[in-house]
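Each remark here refers to the structure printed beneath this line.
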Amino acid sequence: MDTPPKTVAFETVLGCNLRCPECAVGGKLVKRKYGQMSLEQYHILIEKVRPYVQYLYLHLWGEPMLNKDIFQMLRHASAFTKTNISTNANLLDARMARDLIESGVSDVIVSIDGITQDTYAIYRRRGQVGAALRGLAYLVNANRR
């Protein structure tokens, strides 16, 4: 019998607020319908992998902060496995940062590809480096508290 994977990725959002050229979503290379995983879909899938998952990515292609249920998903999964999320941080405000930290998430990836708007805009089209840096600062402050 095959050994089930211990690391699993759920695509909680296929879509993004940015149009990064190196990303499959931003570059419009993904031909599947864009959308969000519902909380009901999450619960169906998580119960299938729960017995063996040791590390759960709650992102694949897209910006998971666009999913209105992402914090509930993270809180639920973080109770029994390590969790990972990646964000461009442009949407993070103080409340979202606090909710993200308090969800129990194990690892947060913040993608910031430059510290000036000119450089940042090459890689993170439609993004604002100031918003991303503020989002990161909100996360740091929430984590310190």
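Filtered by the rule that a residue be open to solvent by 70 Å² or more (accessible area, probe 1.4 Å) and either in a loop (DSSP other than H, G, I, E, B) or in contact with a strand residue (DSSP E or B) (Cβ under 6 Å, 6 or more places away or on another chain) (or both), region 87-110 gives a lone residue, Ile109. Of all residues in region 61-85, those satisfying the criterion of being among the hydroxyl-bearing types (Ser, Thr, Tyr) and buried (at least 18 other Cβ atoms within 10 Å of the Cβ) are Thr81, Thr83. The lone criterion from (1) over 25 Å from Ala24 (Cα atoms); (2) open to solvent by 70 Å² or more (accessible area, probe 1.4 Å) left unmet by Tyr123 is number (1). From the residues in region 33-69 that are among the small types (Gly, Ala, Ser) and in a loop (DSSP other than H, G, I, E, B), which one is farthest from the chain's Cα centre (by Cα)? Checked region 33-69; the qualifying residue farthest from the chain's Cα centre (by Cα) is Ser38. Applying the condition of being of a type in the set (S, T, N, Q) and out of contact with any Ser or Thr (no Cβ under 8 Å at 6 or more places or on another chain) to region 32-57 and asking which residue is nearest to Thr3 (Cα to Cα) yields Gln41.
For beta carbons closer than 9 Å, sequence separation of 6+ or different chains, a first residue in region 35-58 that is within 14 Å of Phe71 (Cβ to Cβ) and of a type outside the set (D, E, K, R) and a second that is open to solvent by 100 Å² or more (accessible area, probe 1.4 Å) and assigned to a loop (DSSP other than H, G, I, E, B), the qualifying pairs are Gln36/Lys68; Leu39/Lys68. Which numbered condition in (1) open to solvent by 60 Å² or more (accessible area, probe 1.4 Å); (2) of a type in the set (A, V, I, L, M, F, W, C); (3) at pLDDT 95 or above; (4) within 16 Å of Met37 (Cβ to Cβ) is the only one that Leu58 fails? Here Leu58 clears every test but (1).
The set of residues in region 111-139 being within 16 Å of the chain's Cα centre (by Cα), assigned to a helix (DSSP H, G or I) and small (Gly, Ala, Ser) consists of Ala132, Gly135. Residue pairs whose Cβ atoms lie under 9 Å apart, separated by 6 or more positions or on different chains, with the first residue in region 121-145 and within 14 Å of Leu100 (Cβ to Cβ) and at pLDDT 95 or above and the second open to solvent by less than 40 Å² (accessible area, probe 1.4 Å) and among the acidic types (Asp, Glu), are Ala142/Asp99.
Quick check: is even one residue across region 111-119 touching a strand residue (DSSP E or B) at 6+ places or on another chain (Cβ under 9 Å), at pLDDT 95 or above and not polar (S, T, N, Q)? Looking for residues that are touching a strand residue (DSSP E or B) at 6+ places or on another chain (Cβ under 9 Å), at pLDDT 95 or above and not polar (S, T, N, Q), one finds none in region 111-119, hence no. For region 1-15, which positions are open to solvent by less than 20 Å² (accessible area, probe 1.4 Å), of a type in the set (A, V, I, L, M) and part of a loop (DSSP other than H, G, I, E, B)? Of everything in region 1-15, nothing turns out to be open to solvent by less than 20 Å² (accessible area, probe 1.4 Å), of a type in the set (A, V, I, L, M) and part of a loop (DSSP other than H, G, I, E, B).
The values are calculated or read from the model by the stated rules, or taken from the named source; none is laboratory data. Keep in mind that this is a model prediction, so the values were computed, not measured. Ideal geometry is used to build each Cβ from the backbone, glycine not excepted, and the neighbour counts take in all protein chains shown. The accessibility values were calculated without ligands, DNA or RNA, using every heavy atom of the protein model including side chains. Shrake-Rupley method; radii C 1.70, N 1.55, O 1.52, S 1.80 Å.
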